[in-house]
Every structure is written in C-alpha cells, then in structure tokens.
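Read through the structure below, which is laid out as structure tokens, and then see the notes.
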Amino acid sequence: LADRVRHPAFLQHVMSAEAAAALIPSGANVGMSGFTGAGYPKAVPQAIATRAKAEHAAGKPYKINVWTGASTAPELDGALAAADALGQRLPFNTDPTCRAKINAGEIDFIDMHLSHVAQHAWFGFLGPMHVAVIEVLGVTADGLLIPSTAVGNNKTWLEVADQVILEVNTKTSARMEGMHDIYYGTAIPPRRVPINMTHADDRIGQPYLRVDPAKVIAVVETHQGDRDNVFATPDENSNKIASYIIDFLAHEMKMGRLPKEMLPIQSGVGNVANAVLAGLLHGPFENLLGFTEVLQDGMLDLLRAGKMGKASATAISLSRSAYEDFEKNIDFYRERIILRPQEISNHPELVRRLGIIAMNSMIEADIYGNINSTHLMGTGMMNGIGGSGDFARNGYLSFFVTPSVAKHGAISCIVPMVSHVDHTEHDTQIIVTEQGLADLRGLAPRQRAQVIIDRCAHPDFRPQLQDYFDRARQQGPQHTPHILGEALSWHERFVKTGNMRPA
Ligand code: 0RQ
C-alpha cells in the first residue's frame, strides 16, 4: 500500500474495511464512487452490509442513503440491498437484488439525469453529504488522488462530503495515471462560465482529484478488479439494427446533412449498442471520435483498429478479455482515452456544441415517438434514465433502438401510448427496430405515427396498431389522435393475460 499511498498524512488513517464501516452512522447520506460496474468501492460497502446485519440482529435500525455516479456491482448495491441497509438510492441501478427491493417499495429510488446529479448536490437539493467512499488507484506525494476506472461524481463527492473514506485499489493498474481529465471550472449560477471545450478530445482539466486531507478519516486497501461485464455476441436483431443505422449515417453524409469528418458518437450500454459499434468497425467511416459516458468493449475495438482516434467517457466498463487487453496496452490507450467527471461527459452544453450522435436503447416507444426507457408496464423500475436524456435531447442526431417485440413476442415494443415517458416526442428523431428505421425529423404527429407503424412495428402487431390509429383518427379532428380509454389497454392486457395480443 505504501507504494500507492505516497503521502504520509494519508498513511496515518490506514485501517480495515470493518473499522471504516464503523465510522458511518445509520441515516448517513453517503456518496460512493462507481459508474456502470467500474470504479466502485468493494470492501467498505460489504463491511457496511455486515454491520447492518449485526445491528438488525441486535434489534437496532441501520440504513444509509447511497448516491453514486451510476450503477455499481454485487459488492455494493447487491450487498447493501440484501442486508436491508439502503434507505434512499440515487441516481441509477442495475443490480437485480436492489431492483427487487426498489419495486417492493423498500428502497426509495430517485431516478435522475446523470448530468444533473453533481449540480443538484452543490445546490443543496439533495441534502448534506456526510461521508464519501471513493475508490482511487493511489495518492501522489503531493496528496493528489489518482482516479480509478470511473470518475463519475467523485470530484463533487470529495468537495461536498463532510468526511472522506478512500479505498485504494492495488489490483487495478496505477498506470492509468494521466488518463483522466478532471475539470475544476464548474461554478454555481450566477457565476457559471462557458466550458472551454470545442472538440471531443480536448483536455480541459488535470489528471488528479483533489481532497482536503483534513477530511480523510480512513484509508482502506482493496485488491479486487471491477465486475466482469459480459457481452453476448450480437444477435441477428442487433446486427440488423446496427446495419440500418450505419446505412442511414452514410446516406445523411451523402445528402450533406452530416459532415464528412463525421460527428462524435455516444453509445448507450447493452448488446445493441455494442453491435452498432461492431458495425462501425467494418463500416465506411474513419477517424471516429467517441464522446460517451461508458466506454465498452466495442469502442476499445474501434480504438485498437484505428477506426476511432480518441474516446472521451466517464467510465470504462469492459469484459475480462477486453480489460486484459486494456492493461497490456495501457500506454496506447492512455494516448486515446480521456476519462472525465460525468457532469462533463454528459454535459448538455457540450453535447449540443460538439454535435453528438446519440444512440440509446429503450423499453418501448409509442406511435408518436414518446419513449419509455425505464419502466416495465408503467410501474416497475428497470434501471433508470441514466445518461440517455442528457444525450438524446441535445444531440445532433438522436436514435432510440429496441427489438420490435419482447418476451418471445408477447409484448410489442411499439405501443399506442407509452406506459411511462422518459423522452418526449420532441427528443426523438429516429427510431430503429430490426424491422426498419423511422426517420421522424420534420414530421407532424400523424405523419410520425404512420412511419413508425410502417417501419418499426412487428408484423404480428402492425395491423393492430394500424387499426388503433385509424379508429383514433375517425373520432374527429385531433392533433395527436388517441382513444383515451384504450391507449393503455395493451399493457393492461399483458398484465392480466401475459400477452398484449387480444385472446
Ligand atoms: O427483461 O431479462 O426479464 O426478459 O426488459 O431488456 O432486451 O435485455 O434490453 O439490456 O438492451 O436494456 C432500456 C433497459 C434496455 C437499457 C434498457 C424487458 C426484457 C428484459 C431488458 P428479462 P433487454 P437491454 C447510457 C444510456 C436506460 C438508460 C440509458 C436501459 C428487460 O438500455 O436501462 O439509456 N436504458 N442509458 O424482456 C416490458 C417492454 C420490454 C420489456 C424489454 N416493451 N415491456 N418489458 N423488456 N422490452 C448508459 C447509462 O446511462 C449508464
């Protein structure tokens, strides 16, 4: 540990994870590092979970509120949820145990745009932060912190927390030093200034996080890598979606609506997103730039192949084999990867200025282009809106993608009315399913509906959607025709019968 912690003031506070967990009282608001299974603390959350179970066994209450960058892993959300140690949780979660408790009403989950979280913390909208638990790769001789595989909200947590616990990960290579770009120019209105970035690969900050050493109450060693992010080989549907997007981009370039040098790409998480990136590997575009929140295997492949010059993100979330390649070739990747705080990687000002091409998965879309990214049948939380809203609303082009059906064809992902709205029709430009691509730019609602039904709906559901739309229009003149009593009947039918199709 002394190799990694090169400042004496920090070495004084070295202790076990259990001793550090004992410093966090029940009811505390705790900011933790972590973004999509990367850079999350591993030892302290598990020790908190053990402590919570012991307190509960002794008949005492113990719960904390946990704020992170985005999703974490079983060692954090899984362990704390299983121990009933989570009161409030924000802003994003993918852990199944935590999801089940959120949907059982046992955890108060707050689903937020990821670019909003840091500023809402500074504004005081979320209340005080008592403790921050942050994974770092080391402390320099000057007392600066070497960030880990995710930057997320760490800069803000270190600033706003009363006390700080550092988890020093001695497994993850400290040779990541220099890859990060931590911007310290953000201020609270009315003193805000423009963010001085005009290219996706500009560096505008410094490679280290700062912390006031007087706030550091514990330094805990951990020696465990990030969660292994497993990706399925792209299936036929994902490959079709990817090919429609790539053909569309090539067409837009030909028509002069997309600059020849191509615009920076944001890609959401998941298998379809990886398939699009895999498609770009063999596509016609060169010198690509990534401006995204999570760097997954697909972008690493593009960098290695020289198709993508640089990639900016807030986290790297890789499969085991991709991580091994990353570590082995870290000098190559350090020249090409920039990891920033999520308030910068997802900043609406930058997304709009840089002209980002945003590609995100969804749960369902309605015939007018409203998008549900978060809720199953309108009531159950899946993961959260994540960064999709930051990019979709402000991007130059914004795609939403999904297979046209779910649950082996029992659910149509194109419905008369979405059961929950995350992105309104105004934020949706292009919808893509394995059936085809609907370009909604410049279309009014009734035109949009016909294009979405024709191009994106599954043939099994297309006549049913057409019938709904036709009958809605027959009701008389309306701007956005709907039959209100029937608009959510497809979801209701699925909840009752397990199928959206009429019996
Ligand atoms: O459930 O596993 O029980 O069958 O929803 O669906 O097909 O595995 O989808 O992994 O690509 O995730 C939108 C959730 C898609 C994700 C979402 C059921 C389906 C399955 C998951 P089962 P898939 P993916 C950058 C951008 C929001 C955040 C975001 C997400 C489960 O992409 O969380 O965009 N996005 N961030 O069966 C009911 C439907 C359904 C349905 C699928 N219409 N109705 N259930 N399912 N369609 C990253 C970050 O922000 C960090």
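In this structure, is residue 283 over 24 Å from residue 327 (Cβ atoms), touching a residue at least 40 places away in the same chain (Cβ under 8 Å) and not aromatic (Phe, Trp, Tyr)? Criteria not met by residue 283. Taking the stretch 447-503 as the range and being over 16 Å from residue 419 (Cα atoms), among the hydrophobic types (A, V, I, L, M, F, W, C), touching a residue at least 40 places away in the same chain (Cβ under 8 Å) and assigned to a loop (DSSP other than H, G, I, E, B) as the test, the residues that pass are 457, 461. For first residues located in the stretch 386-401 and farther than 21 Å from residue 414 by Cα, partners that are aromatic (Phe, Trp, Tyr) and lie 6+ apart or on another chain with Cβ distances below 7 Å form the pairs 386/92. Only one of the listed residues (338, 344) is more than 10 Å from the ligand (Cβ to nearest atom), touching a strand residue (DSSP E or B) at 6+ places or on another chain (Cβ under 9 Å) and assigned to a strand (DSSP E or B). That residue is 338.
Of all residues in the stretch 418-427, those that are within 20 Å of residue 446 (Cα to Cα) and either within 11 Å of the ligand (Cβ to nearest atom) or buried (at least 22 other Cβ atoms within 10 Å of the Cβ) (or both) total 3. In the condition set (1) more than 18 Å from the chain's Cα centre (by Cα); (2) surrounded by fewer than 23 Cβ atoms within 10 Å (Cβ to Cβ), residue 452 is compliant with all but (2).
Return the residues of the stretch 243-279 that are of a type in the set (A, V, I, L, M), assigned to a helix (DSSP H, G or I), modelled with pLDDT of 95 or more and touching a strand residue (DSSP E or B) at 6+ places or on another chain (Cβ under 9 Å); say none if nothing qualifies. Those that are of a type in the set (A, V, I, L, M), assigned to a helix (DSSP H, G or I), modelled with pLDDT of 95 or more and touching a strand residue (DSSP E or B) at 6+ places or on another chain (Cβ under 9 Å): 245, 249.
Within the stretch 58-74, residues that are without any contact (Cβ under 8 Å) to a residue 60 or more places away in the chain and within 25 Å of residue 316 (Cα to Cα) reach partners that are in a helix (DSSP H, G or I) and more than 16 Å from the ligand (Cβ to nearest atom) with beta carbons closer than 7 Å, at six or more positions or on different chains, in the pairs 66/80. Just so you know, in the stretch 468-503 the residues that are over 14 Å from residue 446 (Cβ atoms) and of a type in the set (Ser, Thr, Tyr) include one that is surrounded by the fewest Cβ atoms within 10 Å (Cβ to Cβ), and it is 497. Meeting the requirement of 2 or more residues that are within 23 Å of residue 138 (Cα to Cα), the helices (runs of 4 or more DSSP H) wholly within the stretch 1-88 are 8-11, 17-21, 43-57. Screening residue 113 on (1) in contact with a Leu (Cβ under 7 Å, 6 or more places away or on another chain); (2) surrounded by 17 or more Cβ atoms within 10 Å (Cβ to Cβ) shows it passes everything except condition (1).
The criterion of at least 2 residues that are more than 22 Å from residue 22 (Cβ to Cβ) and without any contact (Cβ under 8 Å) to a residue 60 or more places away in the chain is met by none of the strands (runs of 3 or more DSSP E) falling completely within the stretch 125-181.
Taking the stretch 76-91 as the range and being crowded, with 22+ Cβ neighbours inside 10 Å and of a type in the set (D, E, K, R) as the test, the residues that pass are 77, 89. Taking the stretch 347-365 as the range and being in a loop (DSSP other than H, G, I, E, B) and either more than 10 Å from the ligand (Cβ to nearest atom) or of a type in the set (S, T, N, Q) (or both) as the test, the residues that pass are 347, 355, 356. Taken as a whole, the structure places residue 270 among residues that are on the phi > 0 side of the Ramachandran plot and touching a residue at least 12 places away in the same chain (Cβ under 8 Å).
The single residue among 378, 298, 384, 290 that is modelled with pLDDT under 95 and within 14 Å of the ligand (Cβ to nearest atom) turns out to be 298. Against the numbered list (1) surrounded by fewer than 16 Cβ atoms within 10 Å (Cβ to Cβ); (2) within 22 Å of residue 32 (Cβ to Cβ), residue 247 comes up short only at (2).
Tell me the residue from 462, 393 that is of a type outside the set (Val, Ile, Thr) and more than 24 Å from the chain's Cα centre (by Cα), please.
Matching residue, one of 462, 393: 462.
The values are calculated or read from the model by the stated rules, or taken from the named source; none is laboratory data. Model, not experiment: these values are computed from the prediction. Every residue, glycine among them, receives a Cβ derived from its backbone with ideal geometry; neighbour counts consider all protein chains shown.
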